[in-house]
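Structure first, commentary second.
The values are calculated or read from the model by the stated rules, or taken from the named source; none is laboratory data. Predicted, not measured: the structure shown is a model, and the values here were computed from it. Please note: Cβ atoms are built from the backbone with ideal geometry, for glycine as well, and neighbour counts cover all protein chains shown. For the accessible areas, the whole protein counts, side chains as well, though only heavy atoms, and no ligand, DNA or RNA atoms are used. Shrake-Rupley method; radii C 1.70, N 1.55, O 1.52, S 1.80 Å.
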Amino acid sequence: MSIKSDHWIRRMAEQQAMIEPFESEQVRYHGDDRVISYGVSSYGYDVRCSNEFKIFTNIHSKTVDPKNFDNDAFVDVIGDYCIIPPNSFALARTVEYFRIPRSVLTICLGKSTYARCGIIVNVTPLEPEWQGHVTLEFSNTTNLPAKIYANEGVAQMLFFESDEVCATSYADRGGKYQGQTGVTLPRT
């Protein structure tokens, strides 16, 4: 298994629509405004966060239960940014839609710009033949409110290609998050 370079990522995006929309270079500016970078990097792809957020709240005194998830456990926010309360959690999704090849495993890692502010992105795999918008999980580990910017870089995808294809892909087993769009809540 080997990690894939920027050349491979560009080729896969072009030939197999692996990432849409796709930025073939690292973007650091919108006009004159500096942004948290996104697009192709040396050995990965920096994804953007959409403007859809679900912020966990204790307004209704709900218990977070992955087998019986209650929509009253969060509030929906649409905007240019999201403020995550101290020691709290939010969900979002990538702007980019992914189609992972059968011989590839992708790992989502947080960007250091956010990590240095105490904002942690959950490490998550994108399995072979998974496709959809990636639901991103943000933890604000500080005792201060934390800001996440929409349409700017928030996490990096690393691509690992095997010498052989897997026996059973995510698509083969009918994975429960296959083809997800929007911010997707837990399913059992």
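Scan the range 159-168 for residues that are outside any loop (DSSP other than H, G, I, E, B), of a type in the set (A, V, I, L, M, F, W, C) and open to solvent by 30 Å² or more (accessible area, probe 1.4 Å) and jot them down. If you could, list the steps in order and put the result at the bottom.
Quick first cut of the range 159-168, residues outside any loop (DSSP other than H, G, I, E, B) only: 159-161.
Those left that are additionally of a type in the set (A, V, I, L, M, F, W, C): 159-160.
Result: Phe160, single match.
Of all residue pairs spaced 6 or more apart or on separate chains, those with beta-carbon atoms under 6 Å, a first member in the range 116-133 that is on the phi > 0 side of the Ramachandran plot and a second member that is of a type in the set (D, E, K, R) are Glu129/Arg102. Scanning the range 95-115 for residues that are without any contact (Cβ under 8 Å) to a residue 12 or more places away in the chain and not polar (S, T, N, Q) gives a single hit, Ala115. Filter the range 26-59 down to the residues that are part of a loop (DSSP other than H, G, I, E, B) and either open to solvent by 100 Å² or more (accessible area, probe 1.4 Å) or modelled with pLDDT of 90 or more (or both) and list them by number. Matches in the range 26-59: Gln26, Asp32, Ser42, Tyr43, Ser50, Asn51, Asn58, Ile59.
Could you tell me whether Glu129 is of a type in the set (D, E, K, R) and open to solvent by 40 Å² or more (accessible area, probe 1.4 Å)? Outline the logic, then answer.
On the way: of a type in the set (D, E, K, R): yes; open to solvent by 40 Å² or more (accessible area, probe 1.4 Å): yes.
In short, yes.
The single condition from (1) in a strand (DSSP E or B); (2) surrounded by fewer than 21 Cβ atoms within 10 Å (Cβ to Cβ); (3) aliphatic (A, V, I, L, M) that Leu144 fails is (1). Inclusion of Val154 among residues that are surrounded by 14 or more Cβ atoms within 10 Å (Cβ to Cβ), in a strand (DSSP E or B) and not polar (S, T, N, Q) is warranted. The residues of the range 60-71 that are within 25 Å of Gly132 (Cβ to Cβ), part of a loop (DSSP other than H, G, I, E, B) and of a type in the set (S, T, N, Q) amount to a single one, Asn68.
Kindly indicate whether any position in the range 174-181 is open to solvent by less than 50 Å² (accessible area, probe 1.4 Å), in a strand (DSSP E or B) and in contact with a helix residue (DSSP H, G or I) (Cβ under 8 Å, 6 or more places away or on another chain). Break it down stepwise before answering.
Applying the first criterion (open to solvent by less than 50 Å² (accessible area, probe 1.4 Å)) to the range 174-181 yields 175, 179-180.
Subsequent filtering for residues that are in a strand (DSSP E or B) retains 180.
Keeping just the survivors that are in contact with a helix residue (DSSP H, G or I) (Cβ under 8 Å, 6 or more places away or on another chain) gives none.
No, because not a single residue in the range 174-181 is open to solvent by less than 50 Å² (accessible area, probe 1.4 Å), in a strand (DSSP E or B) and in contact with a helix residue (DSSP H, G or I) (Cβ under 8 Å, 6 or more places away or on another chain).
Sort out which residues of the range 116-126 are modelled with pLDDT of 95 or more and either among the hydroxyl-bearing types (Ser, Thr, Tyr) or open to solvent by less than 40 Å² (accessible area, probe 1.4 Å) (or both), and write them in order of number. Answer for the range 116-126, where residues must be modelled with pLDDT of 95 or more and either among the hydroxyl-bearing types (Ser, Thr, Tyr) or open to solvent by less than 40 Å² (accessible area, probe 1.4 Å) (or both): Gly118, Ile119, Val121, Leu126.
The residue list Glu14, Glu23 contains one member that is touching a Gly at 6+ places or on another chain (Cβ under 7 Å) and either open to solvent by 30 Å² or more (accessible area, probe 1.4 Å) or within 19 Å of Cys108 (Cα to Cα) (or both), which is Glu23.
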